[in-house]
Amino acid sequence: MFEILPGFRDFRPNKCATRNYLFAHWRSVAKHYGFEEFDGPILEPLELFTKKSGEEIAEQLFAFEDKGGRKIALRPEMTPSLVRILGEQAATLKRPTKWFNITENFRYERPQKGRLRSFYQFNVDIVGEESYTAEAELIALAIRSFQAFGLSREHFYIRLSDRQLWMLWLQGFGITDEDTKGKMLSLFDKWERRSHADIEADLKKILPEQTNAAAFFQATEQLRNAHDLQSIKVLFAQYAQQNISENVDQRLEDFRLLLNELSYLGCSDFIKIDLSIVRGLAYYTGFVFEVFETGNQGRALAGGGRYDQLFEKLVGHAMPAVGFAAGDVTLTDLLEKNHLLPNLEQVVDAYLVFEPTERSVALRCAEELRQTGFSVKYTLGETKSLSKQLKKAYGDGARFVLIFTHEELLQNKVQIKRAADGETELIAIADLANYLKQ
Ligand code: HAM
């Protein structure tokens with residue numbers, strides 16, 4: 001016997017129905033915001049992902065060599081592919097370009113709750129727009145995409161942060177070297193999951209000698225716990241050792257404008273300013289956000305942000321871009337937990353049973369009904385007795401059971417039994433489609 005690989009899933013019909021339900025809502029919401037659907041290959045050149053996404057994702061790649069000796073990888077995310085695809089036409093790109101897609105992604109991580117090795121993502125990106133209005137539209141879309149399933153503020157919220165403020169924070173402590181800044185952002189990203197002692201040990205390794213790791217830790221803890229712009233401003237004023245107040249004020253003004261725009265879009269209730277969000281992917285350059293289950297800091301339901309330098313770095317064309325992705329695993333868990341998944345069991349419209357002599361009439365009728373748009377089943381194999389067929393039909397849960405007997409067919413009629421109330425009627429074959437429609 002073969003076992004399924006760890007971290008992968010089979011989609012039996014009920015799971016497939018759930019997956020389709022998610023995809024249908026995602027598509028519908030994206031279209032309401034004017035996004036166009038695109039797609040790309042599951043396999044990409046390995047370098048597309050190792051170049052700029054950061055260490056963590058590079059370690060999690062399913063990578064191998066193909067028969068032509070090319071180094072390739074199963075895509076762990078869609079953003080680098082989007083950049084590759086749009087990069088080809090960057091010079092003439094319509095601005096903004098608003099694209100979405102639904103993809104299967106692969107990451108070799110330790111399978112655990114909310115984390116698998118294969119998962120689906122709803123990716124939504126705006127390319128070619130540099131202002132905060134793009135972030136606002138995406139955050140609104142993200143919120144609506146969760147509300148579409150019946151989720152509300154009591155179930156989820158957005159943690160909104162800004163990498164530029166973190167860059168200024170580091171600058172305020174005299175840290176300007178790109179490599180050190182990168183290491184610090186990665187440490188900020190893991191901060192929540194590490195002990196105080198471990199973080200301080202890492203800080204000692206990364207920070208320039210003159211910076212006191214313990215003092216930096218205390219100040220940074222305060223910034224991570226500041227949840228309004230005024231408190232953030234005060235902390236910068238208190239701790240920044242360099243004169244960066246003008247830049248900080250400018251950035252806080254951008255932040256204020258973003259919050260305003262979000263209030264126009266009716267999203268304020270969902271937003272929590274939370275600088276402890278930094279994002280694990282290395283390419284983000286500005287506002288970043290993650291969607292979380294209310295009261296649960298477990299796995300994020302979605303995440304994204306601005307990545308204004310990724311086009312330049314991957315395809316050599318400067319291009320502002322912002323986007324997010326939501327995953328199917330955490331969303332399905334949340335919907336199940338809150339009993340928000342509808343009954344998606346597939347019920348056929350009509351189950352046909354017939355006397356052996358009436359097989360040809362019944363099958364012709366089945367095809368006609370199918371072509372009119374109804375779903376129809378009958379018992380396959382050699383024609384069995386009516387009672388055996390009826391047993392199967394009632395067990396199947398079809399909305400109607402149609403019974404073809406020689407006697408009734410002499411008058412071009414069939415018996416219909418309604419599952420809803422168990423009532424039976426005699427209907428002319430010519431009227432069947434109309435009857436089922438009603
Ligand atoms: P990400 O934060 O790596 O971002 O993934 C986004 C979402 O995908 C997560 O919040 C989570 O719901 C889901 N996800 C990620 N990894 C797994 C996993 N191993 N198992 C189950 N679900 C997972 C990105 O991928 C960015 N490319 C998003 C983006 C689009 N940024 C800009 N545009």
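Can you name the residue in the range 274-312 that is more than 10 Å from the ligand (Cβ to nearest atom) and of a type in the set (Ser, Thr, Tyr) and is also nearest to residue 85 (Cα to Cα) among such residues?
285
Assess whether residue 136 counts as being more than 13 Å from the ligand (Cβ to nearest atom) and open to solvent by less than 20 Å² (accessible area, probe 1.4 Å).
For residue 136, the condition - more than 13 Å from the ligand (Cβ to nearest atom) and open to solvent by less than 20 Å² (accessible area, probe 1.4 Å) - is met.
For the list (1) farther than 20 Å from residue 180 by Cα; (2) surrounded by 14 or more Cβ atoms within 10 Å (Cβ to Cβ), I need the number of the one condition that residue 228 fails.
Of the numbered conditions (1) farther than 20 Å from residue 180 by Cα; (2) surrounded by 14 or more Cβ atoms within 10 Å (Cβ to Cβ), the odd one out for residue 228 is (2).
Per-residue answers, yes or no, for (1) part of a helix (DSSP H, G or I); (2) within 16 Å of the ligand (Cβ to nearest atom); (3) surrounded by 17 or more Cβ atoms within 10 Å (Cβ to Cβ):
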position	(1), (2), (3)
324	no, yes, yes
358	yes, no, yes
383	no, no, yes
394	yes, no, no
408	yes, no, yes
414	no, no, yes
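Please enumerate the residues belonging to the range 49-62 that are open to solvent by less than 70 Å² (accessible area, probe 1.4 Å) and either modelled with pLDDT under 95 or of a type in the set (Ser, Thr, Tyr) (or both).
Within the range 49-62, 49, 50, 53, 54, 57, 58, 60 qualify.
Mind checking which residues of the range 326-356 are outside any helix (DSSP H, G or I) and in contact with a strand residue (DSSP E or B) (Cβ under 7 Å, 6 or more places away or on another chain)?
Across the range 326-356, the qualifying residues are 326, 327, 348, 349, 350, 351, 352, 353, 354, 355.
When only residues in the range 91-125 that are among the hydrophobic types (A, V, I, L, M, F, W, C) and open to solvent by less than 10 Å² (accessible area, probe 1.4 Å) count, which is nearest to the chain's Cα centre (by Cα)?
122
Looking at 117, 107, 84, which one is more than 10 Å from the ligand (Cβ to nearest atom) and at pLDDT 95 or above?
Criteria check complete, one pass: 84.
Of the conditions (1) within 22 Å of residue 420 (Cβ to Cβ); (2) open to solvent by 70 Å² or more (accessible area, probe 1.4 Å); (3) of a type in the set (D, E, K, R), residue 368 clears all except one; give me its number.
With respect to (1) within 22 Å of residue 420 (Cβ to Cβ); (2) open to solvent by 70 Å² or more (accessible area, probe 1.4 Å); (3) of a type in the set (D, E, K, R), residue 368 is out only on (1).
The values are calculated or read from the model by the stated rules, or taken from the named source; none is laboratory data. A quick note: this is a predicted structure, and the numbers were derived from the prediction, not measured. Methodologically, a virtual Cβ is constructed for each residue, glycine included, from the backbone with ideal geometry; neighbour enumeration extends over all protein chains shown. With ligands, DNA and RNA removed, areas are computed over all heavy atoms of the protein, side chains included. Shrake-Rupley method; radii C 1.70, N 1.55, O 1.52, S 1.80 Å.
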